[in-house]
Amino acid sequence: MHKVQEKIPAIVIFFHRNRWERLFLASLETIYNLSVIYLSDEITKHTFEEIKQIINNRIKNGSVEQAFINVDFVEFVDARFISSIECPVKFIFSHDDATWHSRNSVTALASNVNAVIVGEPVSVLRYATLGVNAFFLPFEDFSTGGIPPYTERDIDVLFIGSTAKADRNTFLEHLSRNKVDVMVAGGETSALSYEEMSILFKRSKIVLNFSKSTNETTSSIESRYFEHVYEYKARILEAGFCGAYCVSERAPAIELLFRDRIVDTFRSPEECYAIINDLLADTQKLEEKAASFSAACNQLRPQYLTHLFQQWEHDSHKTKLRRIPTWYLRSTYGEKFYFALRYFPVRNLAFCTREILTEQVGVVIKVALLVGCPVAALLKWSQIAKKKLFAKAVISD
């Protein structure tokens, strides 16, 4: 009789709740016994120093062996915060799109984590160039129930997302002019739940995916210099998990995930139309491609990949970080001061000041951080307060 393998005690640290977290946690629960903590809850009740103690006490009392720390879209969770977590093995995880990769790379090296888990396949190779252990894990896998046959799919082409980003409207308008019926859902005005998206995917023959991202709304270092990047989008695997075929704008990640032209890709509106028109005209060809594509996607379901996390190299030959970049410190302390002003200001402001004074940077940079970051935080707080006040005024009218 086989002995049931005991699950590994682990803690998962999020800053705030995410709609994809249920799926991420479910994939981890196949091999881990999880404890979850949300910093956004703790930050309103405890000082920064107390939060660190709460986390470390939970790790000690629960004999936790591994910690998973989310660093998505939050500067508060920086290298110093992660270094203060007293756990034998530490992973950071993130979607790690192009606008956050530079910051996450600094965090990974400065905090000396054991590995990074990313939702962007290209990032795995980018971390490898720094000697950092990295693993790809899709954070979205919401397909449930059976997959309907193509004879029951009433949507020829589906696109879910914003039509305003990059040049997506150019492609959609070209398809419309050539009598290709594309159902557009979600986007700026009507965000869809995972259940709603799953239903639409299962009704669709082809899911259209765009890879170009423009990043105008981010404050990352990358968005200052690049007009757009070609990113991996979760829509690709989401479509395959639900049995639909995906036609996508080209992106390096697609070539890493799929071989032998399993996914048809395009660069121009004309190429996009030609591919979709050909597939819709040949039902058998479309069904065969969808079956091959869905089978390839199913090999990448999260529950089949989590065991790889135990294969990280103890000696990963990481490169050394010469220094923490000033832009990293500026964004980190800008957010820390913002929360310090809102919650327990006396103790948290003192905490932030002590951290800055012990940073390995010159006096000029320390002074700039001590003066500039609180001012930036105060401006951010006042702007948010004005927006809330305006929203109340509109509602009362």
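Values in this text are rule-based calculations from the coordinates and carry no lab data. Quick caveat: nothing in here was measured; it's all calculated off a predicted structure. FYI the Cβ positions are ideal-geometry reconstructions off the backbone, even for glycines, and counts take in every protein chain you see.
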For 168, 347, 177, what ranking results if the residue with the fewest other Cβ atoms within 10 Å of its Cβ goes first? 177, 347, 168
A correct fewest-to-most ranking of 202, 336, 7, 52 by other Cβ atoms within 10 Å would be 7, 52, 202, 336
Within the chain, the percent of DSSP beta bridges that are antiparallel, given to the nearest 5, stands at 5 percent
Excluding same-chain residues fewer than 8 positions from residue 366, which aspartates and glutamates have a Cα within less than 13 Å of its Cα? 355
C-alpha long axis of helix 48-61 to longest principal axis of the chain, angle in °: 70 degrees
Ranked by Cβ crowding within 10 angstrom, fewest neighbours first, how are 245, 230 ordered? 230, 245
Kirkwood estimate for the chain, i.e. one over the average of 1/r between Cα atoms, Å: 23.2 Å
Give me the extension gain from residue 361 to residue 287: residue separation times 0.36 nm, minus the current Cα-Cα distance, reported in nm with one decimal. 20.7 nm
Apply 1/(1 + (r/R0)^6) to the Cβ-Cβ distance of residue 203 and residue 326, taking R0 = 56 Å, and write down the FRET efficiency to the nearest 0.05. 0.65
At a Cα cut-off below 13 Å, give the aspartates and glutamates reachable from residue 285, other chains included and same-chain residues fewer than 8 away excluded. 264
Rel. contact order, % - alpha carbon contacts under 8 angstrom, at least six apart, the range 39-130: 25 percent
Chain lengthening between residue 49 and residue 86 when straightened (0.36 nm per residue, less Cα-Cα): 11.9 nm
Work out, step by step, the length gained on full extension between residue 295 and residue 378: first 0.36 nm times the residue separation, then minus their alpha carbon distance; give nm to one decimal. 24.7 nm
